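First the structure, in the form of structure tokens, and then the observations on it.
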Amino acid sequence: MTSLYLPMTGGCQCGQHRYVISMRPLTIYACHCTDCQTHAGSVLGMSMPVPREGVETNFEGLGTWDKTAANGRVVKISFCKNCGIRLFHEPSRNPKIINVKPGTLDDTSWVEPMGHLWLDSAQPWFQAPAGVLHYSGQPATFDELFRRFDETFGMDV
């Protein structure tokens, strides 16, 4: 089992915005939808849902915009106005969580996606690793991703 330690800290590239995570994340996943590819400037984006009350930062100092996904759901995007780095996505469908962008953590050595979503949109050369969950699109629930995270990192922090 891999170790997970709290609190976790992170921030944007220029250092203007910092955050502290005091509650255990729910899971980590990689997304291959075209929106995530575009916003990440890469072949995938990553998200780490955390209970909202477990993320401490100065949200008022961040730039925000509302993105309407292809499925019609709205996601509030929070980013540093200075360096442009996305830090958080806040899904309107679940205001109890905030999706932290795990690449902005100070320590990313433990970050490992439990699954890959929207593989139907993945770049043709990308091969999702064996041993993780594979989804052709959006999963109906995230229960299996949560369970896999619990198995990998344990229930206690």
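The values are calculated or read from the model by the stated rules, or taken from the named source; none is laboratory data. Note that the structure is a prediction, hence the values are computed from the model and not measured. Every residue, glycine as well, gets a Cβ built from its backbone with ideal geometry; the counts of neighbours run over all protein chains shown.
Computed quantities for the displayed model
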| item | result |
| --- | --- |
| Evaluation of Val50 against (1) among the β-branched types (Val, Ile, Thr); (2) under 17 Å from Gln138 (Cα atoms); (3) touching a strand residue (DSSP E or B) at 6+ places or on another chain (Cβ under 6 Å) (one fails), failing number | (2) |
| Criterion violated by Gly72 - all others in (1) outside any helix (DSSP H, G or I); (2) closer than 19 Å to Gln138 by Cα; (3) within 17 Å of the chain's Cα centre (by Cα) satisfied | (3) |
| Glu53 among the acidic types (Asp, Glu) and within 23 Å of Leu119 (Cα to Cα) | no |
| Scope the range 96-127; condition assigned to a loop (DSSP other than H, G, I, E, B), of a type in the set (Gly, Ala, Ser) and without any contact (Cβ under 8 Å) to a residue 60 or more places away in the chain; matching residues | Ser109 |
| Residue check for Val55: at pLDDT below 95 and hydrophobic (A, V, I, L, M, F, W, C) | no |
| Subset tally (residues that are part of a strand (DSSP E or B) and either among the acidic types (Asp, Glu) or more than 14 Å from the chain's Cα centre (by Cα) (or both)) for the range 36-53 | 0 |
| Which listed residue, of Ser92, Ser109, Ser78, Ser136, is surrounded by fewer than 19 Cβ atoms within 10 Å (Cβ to Cβ), in contact with a Leu (Cβ under 9 Å, 6 or more places away or on another chain) and among the hydroxyl-bearing types (Ser, Thr, Tyr) | Ser136 |
| Leading residue by the ranking (surrounded by the fewest Cβ atoms within 10 Å (Cβ to Cβ)) among those in the range 1-60 that are in contact with a Cys (Cβ under 6 Å, 6 or more places away or on another chain) and among the polar types (S, T, N, Q) | Gln13 |
| Where a residue in the range 134-145 is touching a residue at least 12 places away in the same chain (Cβ under 8 Å) and its partner, wherever it lies, is among the polar types (S, T, N, Q), with Cβ under 8 Å and at least six apart | Gln138/Asn71; Phe142/Thr27; Leu145/Thr27 |
| Where Ile98 falls short, out of the listed (1) surrounded by fewer than 12 Cβ atoms within 10 Å (Cβ to Cβ); (2) under 30 Å from His17 (Cβ atoms); (3) at pLDDT 95 or above | (1) |
| Members of the range 1-35 found to be part of a strand (DSSP E or B) and under 20 Å from Asp143 (Cβ atoms), listed by number | Tyr29, Ala30, Cys31 |
| Test: residue in the range 53-68 that is touching a residue at least 60 places away in the same chain (Cβ under 8 Å) and in contact with a strand residue (DSSP E or B) (Cβ under 8 Å, 6 or more places away or on another chain) | no |
